[in-house]
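Reviewing the structure listed below.
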Amino acid sequence: MVWDSSCYYLVQQSMSQSDASAACNVLGSHLAVITSAAENVAITNYLQTTGYTNWVHLGATDNAVEGTYVWETGEAFVYLGWEIGQPQGGSSENCCVTRYDGKWHDVNCNSLVGYLCEI
């Protein structure tokens, strides 16, 4: 999917967040970074068109400082798409995922789910 100046590619193969990030890097991309409501809507619409209903890894973690999410690209974390009550996993859930409804959740980084690459 192309949106603004980025291309997104859904990979339905289940991987941990670190493996998904490495797989995107091999393709010359990174895990998706969502910096606006409009971008979140575009990605949500894309996921809905694929029919994929499982979670997908995004490129955000709070591994460095608990409760402070950062994008793996270093871009500012200015848009928040968290589901009500999220993030709530404490130190056991440090990675950000989304799905067809556009709501973000924090999960264990070893969770085996699909992922979304952005280039």
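Total residues in segment 1-52 satisfying the condition of being buried (at least 16 other Cβ atoms within 10 Å of the Cβ) and of a type in the set (Phe, Trp, Tyr): the figure is 3. Here Val78 meets each of (1) modelled with pLDDT under 95; (2) assigned to a helix (DSSP H, G or I) with one exception, condition (2).
Examine segment 90-105 for a residue that is of a type outside the set (A, V, I, L, M), assigned to a strand (DSSP E or B) and within 15 Å of Leu10 (Cβ to Cβ), and state whether such a residue exists.
yes
Thr73 meets all of the listed conditions (1) over 14 Å from the mean Cα position of the chain (by Cα); (2) part of a loop (DSSP other than H, G, I, E, B); (3) at pLDDT 95 or above but one, namely (1). Pairs are defined by a Cβ separation below 7 Å, a sequence spacing of at least 6 or placement on different chains, a first member in segment 63-82 that is touching a residue at least 12 places away in the same chain (Cβ under 8 Å), and a second member that is among the charged types (D, E, K, R) and not in a strand (DSSP E or B); the pairs so defined are Tyr69/Asp62; Gly81/Lys103. Restricting attention to segment 37-55 and to residues that are assigned to a loop (DSSP other than H, G, I, E, B) and aromatic (Phe, Trp, Tyr), the residue that is modelled with the highest pLDDT turns out to be Trp55.
Quick grid of which residues meet (1) more than 16 Å from Tyr115 (Cα to Cα); (2) touching a strand residue (DSSP E or B) at 6+ places or on another chain (Cβ under 7 Å); (3) in a loop (DSSP other than H, G, I, E, B):
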| site | (1), (2), (3) |
| --- | --- |
| Asn25 | no, no, no |
| Gly28 | no, no, yes |
| Gly59 | no, yes, no |
| Gly67 | yes, no, yes |
| Gly85 | yes, no, yes |
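Yes/no per residue for (1) farther than 13 Å from Gln17 by Cα; (2) out of contact with any Phe, Trp or Tyr (no Cβ under 9 Å at 6 or more places or on another chain); (3) surrounded by 15 or more Cβ atoms within 10 Å (Cβ to Cβ):
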residue: Gly67; (1), (2), (3): yes, yes, no
residue: Glu75; (1), (2), (3): yes, yes, no
residue: Leu80; (1), (2), (3): yes, no, no
residue: Ile84; (1), (2), (3): yes, yes, no
residue: Val97; (1), (2), (3): no, no, yes
residue: Asp101; (1), (2), (3): yes, yes, no
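Filtering segment 32-48 for residues that are more than 13 Å from the chain's Cα centre (by Cα), at positive phi and free of Cβ contacts under 8 Å to residues at least 40 places away in the same chain leaves an empty set. Filter segment 106-119 for residues that are of a type outside the set (Gly, Ala, Ser) and in a loop (DSSP other than H, G, I, E, B); which is surrounded by the most Cβ atoms within 10 Å (Cβ to Cβ)? Ranking the qualifying residues of segment 106-119, first place goes to Cys109.
The values are calculated or read from the model by the stated rules, or taken from the named source; none is laboratory data. No experiment lies behind these values; they were computed from the predicted model shown. A quick note on method: Cβ atoms are made from the backbone with ideal geometry, for glycine too, and the neighbour counts reach across all protein chains shown.
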